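One structure is given below, encoded as structure tokens.
The values are calculated or read from the model by the stated rules, or taken from the named source; none is laboratory data. Note that the coordinates shown come from a computational prediction; the quantities given were computed from them, not determined experimentally. Using ideal geometry, Cβ is built from the backbone for each residue, glycine included, and neighbour counts are taken over all protein chains shown.
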Amino acid sequence: MQTRLDLITRSLPQFGQDRGLTTQVPVGDVGTGENSFGNTLTRAINEVSDARDRSGDLTKRFAAGENVELHEVMAASEEAGIALDMLIELRNKVVEAYRSVISMQS
């Protein structure tokens with residue numbers, strides 16, 4: 001089953017190659033290369049998608065009676081929820097910044 005995140009990342013084949021989120025973007029290279037804003041945003045979306053997939057997998061395995069501890073299922077679920085909340089807040093801040101820039105142009 002394809003999700004919206006999967007469709008978004010597949011529609012941008014040049015993005016999503018690197019999964020690391022700990023690199024800092026040098027000021028001189030802001031619009032280019034693997035450390036661009038688009039790449040960083042795509043990696044963040046992929047990380048949220050991976051956390052959600054891991055949570056869903058652990059939940060299914062727990063429900064099927066496999067040897068999965070309840071605390072692992074709960075921790076993965078909370079991690080996925082927190083990651084999604086962070087991504088939603090990031091989206092809200094980007095939209096707010098966009099509206100700010102647009103209102104400055106008027």
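Quick notes on this one:
- In summary, Arg91 fulfils each of the numbered conditions (1) outside any loop (DSSP other than H, G, I, E, B); (2) surrounded by 10 or more Cβ atoms within 10 Å (Cβ to Cβ); (3) more than 17 Å from the chain's Cα centre (by Cα); (4) modelled with pLDDT under 95 with the single exception of condition (3).
- The single residue among Val48, Val73, Val101 that is in contact (Cβ under 8 Å) with a residue 24 or more places away in the chain, among the β-branched types (Val, Ile, Thr) and assigned to a helix (DSSP H, G or I) turns out to be Val48.
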